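The structure appears right after this line, and notes come after that.
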Amino acid sequence: MHITLLFHKWHDIFNTKQNTKYMKTLGIVLIVAGILMLIFTNISYTKEEKVVDIGPVEINKKEKKTINWPSYAGGIAVVSGIVVLLASKRKI
């Protein structure tokens with residue numbers, strides 16, 4: 001009985017035109033992000049940190065950092081986006 005009630009709540013959430021629009025947008029964003037994740041497997045950036053600040057003397061340290069993710073994460077994002085996009089077109 002609880003599962004049926006839960007299904008009806010989800011049905012009501014995804015059944016409106018506004019929510020369908022949001023689902024389409026989410027699907028497209030996931031697909032684009034997944035493709036970018038497949039093309040670029042990491043992001044590098046430089047972090048500048050103040051080490052010493054004594055009057056007019058200031059010493060900064062620059063540290064290069066990299067964020068990596070596995071290549072299959074992009075594939076998962078693309079597949080998830082396709083599923084969300086197809087679900088938004090499906091009539092319940």
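Each value in this text was obtained by applying a stated rule to the coordinates, not by laboratory testing. Since this is a predicted model, take the numbers as computed values, not measurements. Cβ placement follows ideal geometry from the backbone for every residue including glycine, while neighbour counts extend to all protein chains displayed.
For segment 33-47 versus segment 53-81, the inter-centroid distance based on Cα atoms is 9 Å.
Near Asn60: Cβ cut-off under 11 Å, other residues only, Lys/Arg at +1 and Asp/Glu at -1. The net charge is -1. Highest mean packing first, where packing is the average number of other Cβ atoms within 10 Å per residue, the peptides 31-42, 74-85 line up as 74-85, 31-42. The 3J(HN,Hα) values that the Karplus relation (6.51, -1.76, 1.60; θ = phi - 60°) gives for segment 70-82 are, in residue order, x, 5, 5, 5, x, x, 5, 5, 5, 5, 4, x, 5 Hz. Gly and Pro appear as x. The residues packed around Glu49, meaning those with a beta-carbon under 14 Å from its beta-carbon, carry a net charge of +2 if Lys and Arg are +1 and Asp and Glu are -1. Computed from phi, the 3J(HN,Hα) profile of segment 42-54 under the Karplus parametrisation 6.51, -1.76, 1.60 (θ = phi - 60°) reads 7, 10, 10, 8, 10, 10, 9, 10, 7, 9, 9, 9, 10 Hz, with x in place of Gly and Pro.
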